[in-house]
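Student: Just passing along the structure, written as structure tokens.
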Ligand code: SF4
Ligand code: SF4
């Protein structure tokens, strides 16, 4: 008995010492990151929301359960380990007294049953994981496997350790039944089965097995504890913290302002020598960024949903996090050395690691290849899927910010877009004067804001650059204007006073140009006393609704599909003319995933008589990007399959007559892919891509195809010959 106590306590002391030392080292590494006071502040301000999130995401495993089989297996394993804390208490108690029972509950049959039930559940869980890992082995499936790039050896070791935890548990409990010291007379069904197997060995052997397997149980658990602190299984302890400090409602919607030393960067006073511009070194990440890296479970859910990865590009959101983590761990001795003298004494391998550029290609041994960060469309599929709320888009954008603002290193084809934004206020450089051309020939006058908006104007219609200047998107703008006019909604536009919201500049990493444009627009909107805005572009919508508040611009913003759906519900718009077509709807990422607007566009389609909606396999939260977000619209797509082609291939699988959407970027990207498919004979000539507003306008329009309102010219008549590529403008390469 004494030996048992000594061995048990010695094992515990050694394991706690090793694990504690490692955790302290990791804590110091996290502290080497930048401060993030806004995260602490948010937790202080929203304790109720945080508690709710912990309940649903950590204890309810909400995100994991979206993948039913692995989610259920994880749920069983997670709750198994929570319940089995009781058995760990019992094992420690047994060190001191063979008849130990947890005070108050230790003989209750229901507890014995629960412990055994979850022990079996954990076995079922790990067996499921093993099958999943065998079926999606990256050695066989290559990039197709979500585990490609993950540390699979460590994952198998963990499964083995978990198996040993349960095996030693059931063995010592079975032996206890035979030696007469088991606390539960009934209920512990699995232990009783094992006890039945061990019974023929006799009392002496069972006593020895009891002592051996109690110590073995503690040794495995303590070994597991140490292993956790050195492996991806750190997430067991860190996931609740990462979820707690993640931004709400999630890492989607608004990008965060640039911060240096915990404060929002003021460009008028910022000094590139002393302030941090984005992330140029691993220690430029905040402690929350480092917590993200340490929490990644390597599950590969993000990778499996990433459109860049799916189309053969080098970007995997998982590998971004893992590469940053590996670099942070390898550079840690340098960061924690404390003095230049101490750094000098470090091994060359550590000093070499410290010199690696954070972003750079193989020739300079960069941690992250530039093609990785420039492949991101900001679609948010990774953030949506990540079960531990890692904020991939923020990290990628922060690395882009450093590249653009400090290194001036970004895809050259995007430079004309940035120049046009600065000089002309739109990405194509077409200028303010052409912003009202879309309204020419409408059968009614579109009021243009000139001074404060009167009470008689309900909405400011934010047209957006594409809506005002891009040939195909102008048709959507005209349809929206006609529908609002028909429904009797009073609206006005800013016309030449509107400039780009700054979304492409911000998403490419040029925060300076973004804040310049945003401040200009906020001034215009405030002077116009605009309170309610309807936007047709989800990127404008997202920026106006969620990013302008960071600069003091607060407005009630609605997307045109939401407003049109409401007008239909109120009976102010009635679709009458049948549109007998099979139509598949493509969810724009910034409308759907980023802003959870899934229902309104579908409601519009469903109410149009004759429409047969067909869902693509990847839809709603799992919608697949068109390839234009994250300023990719203005970058060449040189690697892998084109994302818009991949999406159209999926759409064609539903054999549609029409593809609908709710975003001018998607309209252009999908339209281009459809044109290419028509040229190669893979799509029928009649197939077209339209905005749901155009679809509704067709149905609200009389059957003879006339105007919605007073007689007007055809909606195409006013569009310039090719607004996407005026001679003096930067044509969007991504859209080509
Ligand atoms: S935002 Fe989209 S493209 Fe970018 S890493 Fe995530 S899933 Fe991939
Ligand atoms: S980032 Fe999230 S989703 Fe991706 S592998 Fe890590 S834990 Fe899984």
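Student: Helix-only estimate, please: 222 nm mean residue ellipticity of the chain, summing -39500 (n - 2.57) across DSSP H runs of length 4 or more and dividing by its residues, to the nearest 500. Kindly include the intermediate steps, with their values, before the conclusion.
Tutor: Numbers: 31 runs with 369 residues, N = 736.
After summing the helix terms and dividing by residue count, I get -15500 deg cm²/dmol.
Student: Further question on the same structure: Beta carbons within 10 angstrom, averaged per residue: use that to sort the peptides 125-136, 277-288, highest first. Walk me through the numbers on the way to the answer.
Tutor: Details: 125-136: 16.2, 277-288: 21.7.
Per-residue mean Cβ counts within 10 Å order the peptides as 277-288, 125-136.
Student: Sticking with this one: Using all Cα-Cα distances in the stretch 388-443, what percent lands in each 5 angstrom bin from 0 up to the longest?
Tutor: Calculated P(r), rounded to whole percents: 4, 16, 14, 16, 15, 10, 10, 8, 5, 3, 0.
Student: Order by neighbour count: 107, 617, fewest other Cβ atoms within 10 Å first, most last. Show your work: numbers first, answer last.
Tutor: Details: 107 14, 617 9.
Taking fewest neighbouring Cβ atoms as first place, the list is 617, 107.
Student: Helix 511-527 versus the longest principal axis of the chain: what is the Cα-based angle in degrees, 0 to 90, to the nearest 10?
Tutor: For 511-527 against the chain, the angle is about 60 degrees.
Student: What ranking do 16, 224 get, fewest neighbouring Cβ atoms within 10 angstrom at the top? Intermediate values should be presented prior to the final figure.
Tutor: On the way: 16 14, 224 20.
In increasing order of surrounding Cβ atoms, one gets 16, 224.
Student: If you don't mind, another one. Could you work out how much longer the chain between residue 341 and residue 117 gets when fully extended? Use 0.36 nm per residue separation minus the Cα distance between them, nm to one decimal.
Tutor: Working: separation 224, 0.36 × 224 = 80.64 nm, distance 5.71 nm.
Here the answer is 74.9 nm.
Student: So for the stretch 371-509, what percent of the C-alpha to C-alpha distances run longer than 20 Å?
Tutor: Tail of the P(r) past 20 Å holds 58 percent of the pairs.
Student: Also, quick follow-up: For an R0 of 22 angstrom, estimate the FRET efficiency from the Cβ-Cβ distance between residue 371 and residue 675 and round to the nearest 0.05. Present the calculation step by step, with values, prior to reporting the outcome.
Tutor: Working: r = 27 Å, r/R0 = 1.21.
Rounded to the nearest 0.05, the efficiency is 0.25.
Student: Same structure again: Applying 1/(1 + (r/R0)^6) with R0 = 51 Å to the Cβ-Cβ distance of residue 212 and residue 27, what FRET efficiency is obtained, to the nearest 0.05? Before the final figure, lay out the partial values.
Tutor: Values: r = 36 Å, r/R0 = 0.71.
Working from the Cβ atoms, E equals 0.90.
Student: Compare the peptides 337-344, 256-263, 3-10, 594-601 by average per-residue count of other Cβ atoms within 10 angstrom and give them in order, highest first. The partial results should precede the final answer.
Tutor: Working: 337-344: 10.5, 256-263: 16.5, 3-10: 13.8, 594-601: 20.2.
Ranking the peptides 337-344, 256-263, 3-10, 594-601 by packing returns 594-601, 256-263, 3-10, 337-344.
Student: State the Kirkwood hydrodynamic radius of the stretch 103-203 in Å, one decimal place, computed from all pairs of distinct Cα atoms.
Tutor: Values: mean 1/r = 0.0644 Å⁻¹.
After inverting the mean inverse Cα-Cα distance, the result is 15.5 Å.
Student: Counting residues in the stretch 283-349 as N, plug N into 2.2 N^0.38 Å and put the Cα Rg over that result.
Tutor: Numbers: Rg = 15.4 Å, N = 67, 2.2 N^0.38 = 10.9 Å.
The stretch 283-349 yields a ratio of 1.42.
Student: With angles folded into 0 to 90 degrees, how steeply does helix 235-245 sit against the dominant principal axis of the chain? Use alpha carbons for both and round to 10.
Tutor: So the inclination is approximately 40 degrees.
Student: Please compute the length gained on full extension between residue 636 and residue 348, using 0.36 nm multiplied by the number of residues separating them and subtracting their Cα-Cα distance. Could you put the intermediate results ahead of the total?
Tutor: On the way: separation 288, 0.36 × 288 = 103.68 nm, distance 3.93 nm.
Length gained between residue 636 and residue 348: 99.7 nm.
Student: Based on C-alpha coordinates, I'd like the Rg and Dmax of the stretch 18-176, in Å.
Tutor: Rg and Dmax of the stretch 18-176, Cα atoms, are 19.8, 54 Å.
Student: Using only the Cα atoms of the stretch 246-358, build the gyration tensor, take square roots of its eigenvalues as a ≥ b ≥ c, and label the shape rounded, prolate or oblate: rounded if a/c is under 1.5, else prolate if a/b is larger than b/c, else oblate.
Tutor: Details: a/c = 2.10, a/b = 1.20, b/c = 1.75.
Oblate, since a/c reaches 1.5 and b/c is not below a/b.
Student: Viscosity 1.002 mPa s, temperature 20 °C: Stokes-Einstein D of the stretch 339-436 from its Kirkwood Cα radius, in µm² per second? The partial results should precede the final answer.
Tutor: Details: Rh = 16.7 Å.
So the translational diffusion coefficient is about 128 µm²/s.
Student: Separate question: Quick one: in the stretch 468-546, what % of C-alpha pairs are over 16 Å apart? Could the numbers behind the result be given before it?
Tutor: On the way: 1761 of 3081 pairs.
Beyond 16 Å sits 57 percent of the P(r) for the stretch 468-546.
Student: Between residue 124 and residue 458, what length comes free when the chain is fully extended (0.36 nm per residue of separation minus the Cα-Cα distance, one decimal in nm)? Kindly include the intermediate steps, with their values, before the conclusion.
Tutor: Values: separation 334, 0.36 × 334 = 120.24 nm, distance 5.88 nm.
Taking 0.36 nm per residue and subtracting the Cα distance, the gain is 114.4 nm.
Student: So, one more: Can you give the Rg/Rh ratio of the stretch 562-604, where Rg is from the C-alpha atoms and Rh is the Kirkwood radius?
Tutor: 1.03
Student: How big is the shadow of the Cα convex hull of the stretch 595-700, averaged over all directions, in nm²?
Tutor: Numbers: hull surface 28.7 nm².
Answer in nm², one decimal: 7.2.
Student: What Kirkwood radius, in Å to one decimal, follows from the Cα pairs of the chain? Please list the in-between numbers first.
Tutor: On the way: mean 1/r = 0.0349 Å⁻¹.
One over the average 1/r among Cα pairs gives 28.6 Å for the chain.
Student: Could you tell me how many cubic angstrom of Cα convex hull volume the stretch 51-94 has per residue?
Tutor: On the way: hull volume 2.4 nm³, N = 44.
Dividing the Cα hull volume of the stretch 51-94 by its residue count gives 55 Å³.
Student: At 37 °C and 0.692 mPa s, grab the translational diffusion coefficient of the stretch 1-95 from Stokes-Einstein with a Kirkwood Rh over Cα pairs, rounded to a whole number in µm² per second.
Tutor: Working: Rh = 17.3 Å.
Value of D from the Cα-based Kirkwood radius: 190 µm²/s.
Student: Rounded, prolate or oblate: which one fits the stretch 565-638, using the alpha carbon gyration tensor with axes a ≥ b ≥ c (rounded when a/c is under 1.5, else prolate when a/b beats b/c, else oblate)?
Tutor: On the way: a/c = 2.38, a/b = 1.90, b/c = 1.25.
Taking the square roots of the gyration eigenvalues as a ≥ b ≥ c, the stretch 565-638 is prolate.
Student: Turning to a different aspect of this structure: Please give the helix 471-487 orientation as an angle from the longest Cα principal axis of the chain, in degrees from 0 to 90, rounded to the nearest 10.
Tutor: Taking the Cα atoms of the chain, the angle to 471-487 is about 80 degrees.
Student: If I take R0 = 41 Å and measure r between the Cβ atoms of residue 205 and residue 655 in this structure, what FRET efficiency does the formula 1/(1 + (r/R0)^6) give, to the nearest 0.05? Each step should come with its number before you reach the end.
Tutor: Working: r = 70 Å, r/R0 = 1.70.
Approximately 0.05, to the nearest 0.05.
Student: Let me ask something else. Once you order the gyration tensor axes a ≥ b ≥ c over the Cα atoms, which shape class does the stretch 212-310 get: rounded for a/c under 1.5, otherwise prolate or oblate by comparing a/b with b/c? Intermediate results must be reported in sequence, preceding the final value.
Tutor: Details: a/c = 2.96, a/b = 2.03, b/c = 1.46.
It comes out prolate by the Cα gyration axes.
A short reminder: the numbers here are calculations on the coordinates, not readings from a lab. Quick caveat, the model's predicted, so the values are computed rather than measured. Don't worry about glycine lacking a Cβ; one is built from the backbone with ideal geometry, like all the others, and counts go over all protein chains shown.
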